[in-house]
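Q: One structure, pasted below without further comment.
What follows is calculated from the coordinates using simple rules that are stated; it is not laboratory data. Keep in mind that what you see is a predicted model, and the values were worked out from it rather than measured. Cβ coordinates were reconstructed from backbone atoms using ideal geometry, including for glycine residues, and neighbour counts include every protein chain displayed.
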Amino acid sequence: MQIAVYGKGGIGKSTISANLSAALANEGEKVLQIGCDPKHDSTRLLHHGKKVSTVLDYLLNTSPDVQRGDDVLMEGYLGTGCIEAGGPKPGKGCAGRGILTAFEFLRDQDIFRPYSTVIYDVLGDVVCGGFAVPIRKEYAQSIFLVTSGEAMSIYAANNILCGIDNLDPGSPRIAGIIYNSRGAGDDKERVLEFAKAVDLPLCLSLPRSEAFLKAERAAKTVVENEPDSREAQLFMELAKRIKGGLSLHPARPLSEEQMELLMQGKPVTGTPAGNLNRSHNRSGGCERCLDPGTGEESLSGAEEKRTGSPQQIHSLPQKRALSDPFSRIPLSGCSYRGAVDLASHIKDAAILGHAPKSCTSYAVNGITSYSRNGLFSRGIIYPSFIPQHFENTDIDISDAVFGGVVHAREKALKLAAEGARSIIAVTACIPGLSGDDLKPVRDELKEIGVDMYIIQTDGVDAGDYNDGVALCYKTLAREAVKPTDERDLDSINIVYELNSSLTSDDDHDEMEALLRELGLHVNCRFIYDTSMKDINGFLKAPYSLMARTDRLGNEIKEIFEKEYGCRFIEDRFPKGFRETSEFVRKLGKLYSKEAEASDLVCKGEAGYRAQIDMLKQRFSGLRTMIFLSIQAPWVTELAEDLGLDVVKAVTPEAGAGDRIGWGLRFSAEWGEMRARFNDDEKDLKPQLILTSDPSIVAVPSTGAAVITIPRSIGTGFLSGARQAAKWSKLLGKDLRGRWKNDKSVFEKYYC
Amino acid sequence: MTNQYLRNTTADYITGAVSACEGIKGSIVLINGPHGCKTYYGFGTGQSVVNGQALLGLGGDLRLRNAMDDRLIRSQFFTGSPLIPATNLRYEDFIFGTSEQLCRALNDILAERKYSLISVIQAPGTSLLSEALEAEIRAISERSDVPYVYIDVPGLSEDMFKGYDETALTVIKRFVHPDRRSAEEHGDISHRRASVNIFGLYSRGIHVDGDLAELARLLGLCEIDINCACGAYCTLDDIRRIPEADANIFLAPERTRQTKAYLEEAFDIPSFDLGCIPVGPDLTESFIRGISKLLNTDCSAAVRDIEETRATVFYHLARNLGARGFDKAFKYAAEGEPSLLYALIDYLTGYLGIAPEAIHPLYDQSRSGTSRIRTILEDIGFEEALSADITKVRDIVLFANANTIAQVLSYSGNVYGVETAYPTSGYINVVPKTFIGCRGALYILEQVLNARRMLKAWDR
């Protein structure tokens, strides 16, 4: 059983929540109370004023790898669980977002499991998507509205009904009204009129009483402090009714005009403000509810959330506490852009960007940059990088405030009307902050035969560019691959090609040529210049090949292996002669084409040896320094085969987690390494410098040829040798350039 | 889908805001947002901007005298590129607030080098938080003695030139003292050369250097100096001196609408607005004669220069095309801001006699520029060009940004693209070019003559 207590600020929600928790505990329920107010005083009366560690403070100061749900859980009266969500300092940040984060943490930590009843004490009004979380995310099935007879309190209660009606129109979610008298002059009649007008029962009527003040001074609930008092008994009666099962009612908020009539003591007439179909059967009063099964349902609901699809779970930064300044590893790019980049490779799917124009200009121009640069630098049009089916919701500040799902729905239906049968919806920061949920749109599209895949990057929420790519990969791997009995035995899937590179096409062509020589063909490219049809039919191929390997590649592979039983060839696209030879032999064995593979390797070896013999005369004995910050075993293979005299080889150790990322390029350790490399270059006087970082030797002290090792060299037997042939043309040439001597002139005129 | 494609690829409000701020010499623009935003505003279009900051990260033996500290360049705010740092926000900052990280960034950045101006622009996500950040920015600005501009709520789904115009106006309001000079001082220009302010050039214009050079040359021939070329790497002092000019020239209404309205109301300085960019000899002559008349200067040298341009155009047309001029089948298509499109139509069709196939206005939220284009097209009998799909044109010279050129080329190989705006294909302009004035007229002529030859060659 999960119950939320909503009401105007200062109306007594926390006192009522705590007393209700205590009363339910007396009834033998295992109760958890969660305070959702940044000032974190909801559970004080249950735990008797202990020092509180809020969930958000905890997340801020504790490294994720040591975070445990128990650390934010305090034990109170009769074993009640007490948790305070906490929040930012007043005037800073977004408290609603904080509530969302806290709830996701609690869910991930499985904190709800031991409890039969959860009570949410929710701040004031439904002020934003964050505070609507207990309702919106269906944490709480039952809602109590707390109000006094004061006008503002009743207005707030009506506003909460509007919020519930907007979030979950027509659903019976409200248990009833709790009237908390503010003392003499408080207008109970007005509350009764309001309850009648909104068709809700008055479940509890609390008098103004000294008992509450006395209990508060003792940091206890009335239920604990004076269990025999009339006030405590009222809570006990309500607890019994709750335990017996609550009858729930839909929200029927009043319009502004109706509220005005109510406040003036006139009969309430006219059209209500809400969405509800008025033909809905009127439910009985609070005391008439009977169904005892609610608790089980709510727990299974929570369980569903815990095991939900991964795109719903926002990852927090790994290994460091949020407040740790050293955790400020820059997010490289944005996840919205990453997801959109990858999705644009699916030619028969439309992309729906749920984002402001700013984010989409950025994302689309990011994609087209490959096309523009390709057109200019290679004279080639790359249609893969001209997204044709990309609608954007162009949301603005008002949508950010009031929600923009309506625009997403409108654009999605437009795409469907234009013939799109697959839509990939990607959300940016703003919908993430305002809590837009596209699942109802997805369900609506499903009914008209259109598949919508929601990539809920929520911009920075999901992390950086690579995280957006990851989310898109994983979502489509889980949701778009369809079961099939059809098999294409001479086919292979290619997985995880580099989606943001012009060389991927060349690499793929070379791989396809190699496969063709063995009588094989590609079934699905997951996900590069592909189609949803191919992705749906992924399982037709007996084997899959990773184009490259890294942590994400392994995770994608694991999804295919675990969820579909796919078999992978333990390789990335081979580079250089030896890797390619091994790869071809392995393929031959798997596809029972050993003879063809053997012939192919012989042919490849002959070509490679001929190339190396030709180049060896130029390279043999050359004093060489190597700086490698990328994985390139083909370089050492070449160094050996060409007979280079390697006098120094440096592979930086910094950033082991990301060998080519920022940690390598920007860490202090790298700085020292660079300085050493320059000094060594002066001492060792190499004739050849092979480096993956061209800036490492800006001006070589000798006339050494400085060769930049590219990240991509293609694939196949000759891929390495082709590079060596290029190097040979640069040997013995002094290309330092006298322009570098004109630095002082530049500074004279420009600086 | 076509219109959505073109809209998706045009620059946004924040790009305009960034441009208005970075177009001030020695300034730095800080995006208060995650690095995704920096990636776009710093690298996405800024890499082609002629900007001294781009060199501040030069390392090794070529490191410059006024380079930034390596530590800062490599820091979380710059991550290797000195252009448009960001505060490197993370998910948690959207909960707890961004001020701590913003202050950290400002302190680090301002401790390292002296800037003329620091502009803080909110990213889409942070603009939604509505935090009270200005007091903290102001305190750091005062402590470091570097003036600041803070753009709190940029238009998330508005277009670039609205962002440019509104931000330029914010800068002007902030730094230009509203007190006008005395009427005598203002009106008497007999003892000195007249001077003008130019509004409408922007740092992310494809040929901003060449545009400014040509305007300065032509105005110089009329004995008019440029007092402040707002947005084209003028200094903050130039902006402060805006009231000292004798006239304000507005080059493009869609870029300067609000700025113009404010300046006209706040200062007693006459405005000169041609309603479009001066492209081609006719519009250039109207421009020159108009501003000279306003300031009572001698424009005869400039008119002679334009006359020489007319002669040069005539020579090349007669030599290459004979008396017939351009073939009737030779057509062009153009997209862009209305002020550029209007001028291109006037020159390409009105002067050179080339037929327009498709005209696609961008950045015209008020639709007034489009109305003007419709009128000129109706006058010359080509109103259908306004409804033609620019991405489906064939056998044509296409004036557009590289996105549209690439899109058209994906359908048809027989297109000669002339890039008129960002984003570009990456062509690096070493020699300054322009579409404006006499030099612009000759550059466009060179492009269309070569386009005609190339398209004919492909046709065979």
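Q: How many angstrom lie between the C-alpha centres of the stretch A:501-550 and the stretch A:145-217?
A: Between the Cα centres of the stretch A:501-550 and the stretch A:145-217 lies a distance of 62 Å.
Q: Could you compute the FRET efficiency for A:ALA610 and B:SER371, with r as their C-beta to C-beta distance and R0 at 60 Å, rounded to 0.05?
A: Numbers: r = 70 Å, r/R0 = 1.17.
Between A:ALA610 and B:SER371 the formula returns 0.30.
Q: Using a simple spin-label model with points 7 Å from Cα along the Cα→Cβ vector, what separation in nm is obtained for B:GLU308 and A:ASP110?
A: Here the modelled spin labels are 8.5 nm apart.
Q: Quickly work out the A:GLU640-to-A:GLU189 label distance, labels modelled 7 Å from Cα along the C-beta direction, and quote it in nm with one decimal.
A: 9.7 nm
Q: Using the Cα atoms of the stretch A:176-217, I'd like the radius of gyration and the largest Cα-Cα distance, Dmax, both in angstrom.
A: Over the stretch A:176-217's Cα set, Rg and Dmax evaluate to 12.0, 37 Å.
Q: Here is a further query. Let me see the pair-distance distribution of the stretch A:370-436: every alpha carbon pair, 10 Å bin width, integer percents in order.
A: Percent of Cα pairs in each bin: 19, 34, 27, 17, 3.
Q: Between 0 and 90 degrees, rounded to the nearest ten: what's the tilt of helix B:160-175 against the longest Cα principal axis of chain B?
A: 50 degrees
Q: Here is a follow-up. Roughly what angle does helix B:99-112 make with the longest principal axis of chain B, taking Cα atoms, 0 to 90 degrees, to the nearest 10?
A: Orientation of helix B:99-112: about 80 degrees from the principal axis.
Q: Can you list the aspartates and glutamates whose alpha carbon is less than 12 Å from that of A:LYS414, not counting same-chain residues fewer than 8 positions off?
A: Result set, ordered by chain and number: A:GLU391.
Q: Next question. Roughly what % of Cα-Cα distances in the stretch B:142-264 sit above 27 Å, to the whole percent?
A: Working: 1541 of 7503 pairs.
Value for the stretch B:142-264: 21 percent of Cα pairs lie more than 27 Å apart.
Q: Where does each of A:PHE112, B:PHE94 land when they are ranked from fewest to most other beta-carbon atoms within 10 angstrom?
A: Taking fewest neighbouring Cβ atoms as first place, the list is A:PHE112, B:PHE94.
Q: Next up: Trypsin sites (Lys or Arg not before Pro) within the stretch A:705-746: which are DSSP loop residues with at most 10 other Cβ atoms inside 10 Å? Working shown, then result.
A: On the way: sites: A:ARG711, A:ARG722, A:LYS726, A:LYS729, A:LYS733, A:ARG736, A:ARG738, A:LYS740, A:LYS743; in loops: A:ARG711, A:LYS729, A:LYS733, A:ARG736.
When the trypsin sites (Lys or Arg not before Pro) of the stretch A:705-746 are filtered for loop state and at most 10 Cβ neighbours within 10 Å, A:LYS729, A:LYS733 remain.
Q: First measure r as the distance between the Cβ atoms of A:ASP679 and B:ASN66, then evaluate 1/(1 + (r/R0)^6) with R0 = 25 Å and state the FRET efficiency to the nearest 0.05.
A: Efficiency, rounded to the nearest 0.05: 0.45.
Q: Let me ask another. Evaluate the distance, in nm, between pseudo-label points positioned 7 Å from the Cα of B:ALA323 and of B:LYS456 along their respective Cα→Cβ axes.
A: 1.8 nm
Q: Based solely on its DSSP helices, what 222 nm [θ] is calculated for the protein assembly as shown when runs of n ≥ 4 H residues each add -39,500 (n - 2.57) and the sum is averaged over all residues, nearest 500 deg cm²/dmol?
A: Using -39500 (n - 2.57) per qualifying helix, the result is -13000 deg cm²/dmol.
Q: Given N residues in chain B, what is its alpha carbon radius of gyration divided by 2.2 N^0.38 Å?
A: That ratio works out to 1.02.
Q: Write down, largest first, the equivalent ellipsoid semi-axes of the protein assembly as shown in whole Å, where each equals the square root of 5 times an eigenvalue of the alpha-carbon gyration tensor.
A: 57, 42, 30
Q: Could you tell me the relative contact order of the stretch A:25-105? Use alpha-carbon pairs under 8 Å, at least six residues apart, and round to a whole percent.
A: Across the stretch A:25-105, relative contact order equals 40 percent.
Q: Report the Cα-based extents of the stretch B:275-325 along its three principal axes, largest first, to the nearest Å.
A: For the stretch B:275-325, the Cα spread along each principal axis is 41, 24, 11 Å.
Q: Order these by the 10 Å Cβ neighbour count, fewest first: B:GLU254, B:GLU142, A:GLU479, A:GLU226.
A: If I rank by nearby Cβ atoms, fewest first, I get B:GLU142, A:GLU479, A:GLU226, B:GLU254.
Q: Return the long-range amide H neighbours of A:SER205 (sequence gap of 5 or more, or a different chain), with a cut-off of under 5 Å between placed amide H atoms.
A: Correct list: A:TYR179.
Q: Sequence-distant or interchain residues sharing an amide H contact under 5 Å with A:HIS389, placed H: which?
A: The answer is A:ILE351.
Q: If we restrict to alpha carbons, what Rg and Dmax does the stretch A:529-601 come to, in Å?
A: 13.7, 36
Q: If amide H atoms are built 1.01 Å from N in the plane of the peptide, which residues on other chains or at least 5 residues away come under 5 Å of the amide H of B:ILE84?
A: B:VAL29
Q: In nm², what is the average projected area of the convex hull enclosing the Cα atoms of the stretch B:262-373?
A: The number I arrive at for the stretch B:262-373 is 8.7 nm².
Q: Continuing with this model, one more query. I'd like the FRET efficiency for A:GLU237 and B:PHE175, computed as 1/(1 + (r/R0)^6) with the beta carbon distance as r and R0 of 60 Å, rounded to 0.05.
A: E between A:GLU237 and B:PHE175, to the nearest 0.05, is 0.30.
Q: Roughly what angle does helix B:134-144 make with the longest principal axis of chain B, taking Cα atoms, 0 to 90 degrees, to the nearest 10?
A: It is inclined by approximately 80 degrees.
Q: Working out 0.36 nm times the residue gap between A:LYS51 and A:GLU418, then minus their Cα-Cα distance, what length gain in nm do you get to one decimal?
A: 126.2 nm
Q: Cα-Cα over 27 Å: which of A:LYS533/A:LYS575; A:LYS8/A:LYS188; A:LYS51/A:LYS243; A:LYS533/A:LYS586?
A: Check vs 27 Å cut-off fails for A:LYS533/A:LYS575; A:LYS51/A:LYS243; A:LYS533/A:LYS586.
Q: Dimensions of the stretch A:406-485 along principal axes (Cα, Å, largest first)?
A: 37, 33, 18
Q: What does the charge count near A:LYS220 come to, summing +1 for each Lys or Arg and -1 for each Asp or Glu among other residues with Cβ under 11 Å from its Cβ?
A: Values: positive: A:ARG44, A:LYS214, A:ARG217; negative: A:GLU216, A:GLU224, A:GLU226.
Cβ neighbours under 11 Å give a net charge of 0.
Q: Taking a cut-off of 18 Å between Cα atoms, list the aspartates and glutamates near B:LYS456, but don't count ones fewer than 8 places away on the same chain.
A: Partners found: B:ASP327, B:GLU357, B:ASP395, B:GLU446.
Q: Defining a contact as two alpha carbons under 8 Å apart and six or more residues distant in sequence, what relative contact order in percent does chain B show?
A: Values: 814 pairs, mean separation 68.1, N = 460.
Dividing the mean separation by the residue count of chain B yields 15 percent.
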